[in-house]
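K.L.:
Just dropping this structure here.
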Amino acid sequence: MIKINLLPHSKRARVKPAEKQLILGLGLIVCISLVCAVFILWSGSRVSSLENRVADLDEQRHELLQQVRHINEIKDKMEQMQSNIRAIKDIRTIQPLPVRYIETLVINLPDQRIWFESMDLDPDSTLEIRGVVLDNQVFARYVDDLRQSPYVHKVNTRRTSRRQVQDLDLVEFDFLVQAGEPLPGELTLQGSNEE
């Protein structure tokens with residue numbers, strides 16, 4: 001059987017186009033607001049995370065700067081120590097030289113012919129020597145022998161003159177010896193000549 005409804009249909013309220021646009025507009029505004037709120041929340045958490053990262057990096061930077069400062073202090077101390085070591089080595093190198101200079105003067109002395117009255121050593125390794133000798137030839141031979149030494153760079157006779165000492169006619173002398181470290185190779189040459 002077929003039923004036919006002859007009752008009038010209930011009429012739906014028609015939505016006017018202006019109301020439709022208003023509803024769509026409000027829906028769009030709500031959606032945009034939700035999207036903006038989500039973006040703001042996400043941006044805020046991102047900014048907060050970046051700020052935390054920046055704070056961590058600043059703390060690391062501060063720690064690294066302290067370590068660098070400490071390393072630089074150690075480096076400066078090491079350089080100072082190296083400088084001190086170089087100075088000590090230099091001093092140890094030149095420390096025995098004055099003894100060598102005097103040894104050179106004494107080794108070349110002819111027995112019982114030259115007598116030193118005074119000897120001064122300046123800081124620039126210049127020896128000023130005064131004394132008496134039997135005669136000029138002995139003095140000249142002594143000066144020549146000194147000039148052969150690798151520790152003697154220059155001999156400068158300042159004066160010689162006659163002097164009476166206990167009825168002996170002697171020669172008084174005053175001369176300068178410029179001493180110094182042997183030049184490279186001089187010491188080995190002298191050692192081979194002595195052998």
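The values are calculated or read from the model by the stated rules, or taken from the named source; none is laboratory data. Please read all numbers here as calculations on a predicted model, not as lab measurements. A quick note on method: Cβ atoms are made from the backbone with ideal geometry, for glycine too, and the neighbour counts reach across all protein chains shown.
K.L.:
Within the stretch 104-127, is there a residue that is in contact (Cβ under 8 Å) with a residue 60 or more places away in the chain and within 17 Å of Pro182 (Cα to Cα)?
P.N.:
Yes; the residues of the stretch 104-127 include at least one that is in contact (Cβ under 8 Å) with a residue 60 or more places away in the chain and within 17 Å of Pro182 (Cα to Cα).
K.L.:
Which residues, taken from the stretch 70-113, are loosely packed, with under 10 Cβ neighbours inside 10 Å and either closer than 30 Å to Val171 by Cα or among the hydroxyl-bearing types (Ser, Thr, Tyr) (or both)?
P.N.:
Within the stretch 70-113, Val99, Val106, Asp111, Gln112 qualify.
K.L.:
Okay, next question. Can you pull out the residues in the stretch 108-139 that are more than 51 Å from the chain's Cα centre (by Cα), at pLDDT below 85 and on the phi < 0 side of the Ramachandran plot?
P.N.:
Listed by number, the residues that qualify are Asp111, Arg113.
K.L.:
Considering each of Tyr142, Tyr151 in turn, give the residue that is within 16 Å of Trp115 (Cβ to Cβ), at pLDDT 80 or above and surrounded by 11 or more Cβ atoms within 10 Å (Cβ to Cβ).
P.N.:
The match here is Tyr142.
K.L.:
Kindly establish whether Lys89 is more than 30 Å from Glu181 (Cα to Cα), under 26 Å from the mean Cα position of the chain (by Cα) and not hydrophobic (A, V, I, L, M, F, W, C).
P.N.:
No: the conditions fail for Lys89.
K.L.:
Quick check on my filter: what residues within the stretch 154-195 are acidic (Asp, Glu) and at pLDDT 85 or above?
P.N.:
Selection gives Glu172, Asp174.
K.L.:
Determine which single condition Gln164 fails, assuming it passes every other condition in (1) part of a loop (DSSP other than H, G, I, E, B); (2) at negative phi.
P.N.:
Of the numbered conditions (1) part of a loop (DSSP other than H, G, I, E, B); (2) at negative phi, the odd one out for Gln164 is (1).
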